[in-house]
Amino acid sequence: MRKLEVEGCDATVTNTRWKNGVVHRIENHVGRPLQWSICLLHFNELSFRHILKHIDGLTAGSKSFSASIGQQLTCCEKLPVVDYEPIDYSIPDIDMNLLSKDQQYLLDILNAITLGHCPEDLANREPGPLSHSRWPTAANRVLRLYINSSDPSGNLKEIVGFILKSYMTVWFTMKRANILLTFQNMSFKLSKHHGIYPTNYFKLSIQ
């Protein structure tokens, strides 16, 4: 521990809470401040989680939601794909080898929403398990629900719009960047894209 200089973790409050977080406790133990290496992919998920809860309601347990859209996410992959309205979105080039199975699904369904057509093999693929510890698969399921909806609700369209215009734009940038060297740029991009939404969406309480 005497040679420890950098702590690596995700951005959950368990780790980063200013008073009793794991990082702060380790700093107290070694008696000096340390360099924080926070996974920005998790940092980016905080905004998506907050938007989903703000628009659709609270969670209900570790793998479900209590409101209308969230309840449909548990079985959205079993619903038939319908004629849906395409959404214009410019998908950047990215090396598929950098992506996990769930992330590849996310990229493919984004492409389907952009084109206005969902291939049969994609319609039959699993979007990944619904879990509050795996927010990319929650995004998968929201987008899968969208292509099941010929007349999506305003709330669903708003959440899908956030995923495309903010969450995924920042996510792609992070996957392609040297994250350790570009935290300030990532933070700026988050702020820039969040600026298209009302400020009350992001009134997060400090714990």
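FYI, it's all coordinate maths here, none of it is from the lab. Remember, it's a predicted structure, so these values are computed and weren't measured experimentally. Note that we place each Cβ from the backbone using ideal geometry, even for glycine, and neighbour counts take in every protein chain shown.
Please sort 105-116, 89-100, 140-151, 31-42 by packing, taking for each peptide the average over its residues of neighbouring beta carbons within 10 angstrom, highest first.
Numbers: 105-116: 18.2, 89-100: 10.2, 140-151: 20.7, 31-42: 14.2.
The packing order, highest mean first, is 140-151, 105-116, 31-42, 89-100.
Within the set of other residues whose C-beta is less than 10 Å from the C-beta of Ala123, count the net charge using Lys and Arg as +1 and Asp and Glu as -1.
With Lys, Arg at +1 and Asp, Glu at -1, the neighbours total -1.
Using 10 Å bins from zero, what percent of all Cα-Cα pairs in region 42-177 falls into each bin?
12, 48, 36, 5
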